[in-house]
């Protein structure tokens with residue numbers, strides 16, 4: 001009888017220990033899964049904007065500014081000039097890019113340009129028996145209006161956009177010309193510049209607001225400008241430009 005009671009007590013004790021251990025293990029598991037202070041709603045990850053979320057926009061408006069190198073090639077007898085002339089310039093413009101698809105669009109611009117250069121020339125002296133060398137300079141301001149076709153590719157976060165098209169030039173005042181050796185020999189002439197062709201590449205990177213881009217392009221006039229009444233040799237102009245800008249996308253498709 002005594003052995004039977006002892007057996008029952010021992011069985012009850014070990015059963016209690018086993019139950020307590022099981023309950024504690026289950027409690028720890030619940031605490032791990034739900035937290036010490038009970039179950040909590042899982043926090044949803046914040047949506048991460050797509051690297052190329054701007055692809056669904058169909059209108060982009062922006063502005064850019066940067067230096068430009070002008071190369072002027074005289075159209076007359078280069079034996080009496082300094083040949084090709086290199087002159088610094090500055091371009092600043094606004095642009096509107098209409099995307100018909102994510103891949104293709106048309107871009108219109110209005111670009112303010114400042115042209116300045118000088119070259120040396122020879123002329124006969126007053127007696128007509130010797131050549132006289134002097135430096136001639138010219139300066140003008142104009143508004144260039146390009147219209148270009150543009151492709152858009154999206155490697156990673158970047159947007160790479162080759163483009164090409166044509167432009168017309170609207171003079172902003174007269175061209176100033178003159179000799180650096182003779183301040184009195186300075187004149188102003190009506191400038192009628194020609195149209196031209198251009199091509200280039202734009203590389204953009206999306207920011208929190210807008211797209212930062214670098215633009216490199218080459219432009220060439222199709223002819224020489226008409227300087228009415230000028231004794232200066234006309235020239236053909238080529239330009240290599242590099243600029244930085246920012247643009248913003250509007251209106252989702």
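The values are calculated or read from the model by the stated rules, or taken from the named source; none is laboratory data. None of these values were measured; they are calculated from a predicted model. Heads up, the Cβs are rebuilt from the backbone with ideal geometry, glycines too, and the neighbour counts pull from every protein chain shown.
Can you find even one residue in region 67-76 that is modelled with pLDDT of 90 or more and either on the phi > 0 side of the Ramachandran plot or surrounded by fewer than 19 Cβ atoms within 10 Å (Cβ to Cβ) (or both)?
Yes, region 67-76 contains a residue that is modelled with pLDDT of 90 or more and either on the phi > 0 side of the Ramachandran plot or surrounded by fewer than 19 Cβ atoms within 10 Å (Cβ to Cβ) (or both).
Examine region 190-198 for a residue that is assigned by TED's automatic domain parsing to the domain that holds residue 151, buried (at least 18 other Cβ atoms within 10 Å of the Cβ) and at pLDDT 90 or above, and state whether such a residue exists.
Filtering region 190-198 down to residues assigned by TED's automatic domain parsing to the domain that holds residue 151 leaves 190-198.
Right, trim to buried (at least 18 other Cβ atoms within 10 Å of the Cβ) and you get 191, 193, 196, 198.
Remaining after also requiring at pLDDT 90 or above: 196, 198.
Yes: region 190-198 contains one or more residues that are assigned by TED's automatic domain parsing to the domain that holds residue 151, buried (at least 18 other Cβ atoms within 10 Å of the Cβ) and at pLDDT 90 or above.
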